[in-house]
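The values are calculated or read from the model by the stated rules, or taken from the named source; none is laboratory data. Nothing here was measured: the structure is a model prediction, and the numbers come from that model. Reconstructed Cβ throughout: ideal geometry from the backbone, glycine too, with neighbour counts over all protein chains shown. Remember, those area values only see protein heavy atoms, side chains included, never the ligands or the DNA or RNA. Shrake-Rupley method; radii C 1.70, N 1.55, O 1.52, S 1.80 Å.
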Amino acid sequence: MIKFQILTTLLLFIFLTNCKNSETMKYKVGQEWNYKTRKGEENSTLKILKIEEYPKHGKVIHISIGGLKVGDPDVEKGFAKEFTHIPITEEALDKSVTKLKNEKVKLPSKIDGYDYWKEEFDQGIAGVFSIPVSEIVDLMEESIITGNGVVE
């Protein structure tokens, strides 16, 4: 009887530990996710580029977003197709993603825009987005079109 109780307790502990680990490790570098997109961008996906932990912001997940159709008068055909670096909170990403598309995709060797963001972030100038990805795309597009800079 005691062996059964010990075995049951051990199995329950292993199960609960694995559940916690899988929850805390939902996002991994190299994943590609579908997310709640803007109308007309249903094929857009995001990729997890880097994950960092900061005392004030918690987990910061750096993503790129592809498959966009963002108005941009400075590019050929007037539309940008991707954003190469967006820092976002885990909570905001949770509200955005719908389904894991690929567990591991090829990533760039260097994250365009990360070094600039990190320098500004360390100085307290740059921040981290805490709104859903589709709203970030809207803000970035508005910023590009108006030339007013990105609002966080």
Taking the criterion of being modelled with pLDDT under 95, in contact with a strand residue (DSSP E or B) (Cβ under 6 Å, 6 or more places away or on another chain), charged (D, E, K, R) and not in a strand (DSSP E or B), would at least one residue in segment 69-76 satisfy it?
yes
Going residue by residue through segment 116-131, is there one that turns out to be open to solvent by 30 Å² or more (accessible area, probe 1.4 Å), modelled with pLDDT of 95 or more, under 23 Å from Gln31 (Cα atoms) and in contact with a strand residue (DSSP E or B) (Cβ under 8 Å, 6 or more places away or on another chain)?
yes
What are the residues in segment 77-135 that are β-branched (Val, Ile, Thr) and either part of a strand (DSSP E or B) or farther than 15 Å from Thr45 by Cα (or both), if any?
Thr84, Ile86, Ile88, Thr89, Val97, Thr98, Ile111, Ile125, Val128, Ile131
Could you figure out which of (1) loosely packed, with under 13 Cβ neighbours inside 10 Å; (2) of a type in the set (Ser, Thr, Tyr); (3) more than 23 Å from Asn34 (Cβ to Cβ) isn't true of Ser143?
(1)
Would you pick out the residues in segment 43-63 that are over 17 Å from Leu100 (Cβ atoms) and in a loop (DSSP other than H, G, I, E, B)?
Pro55, Lys56, His57
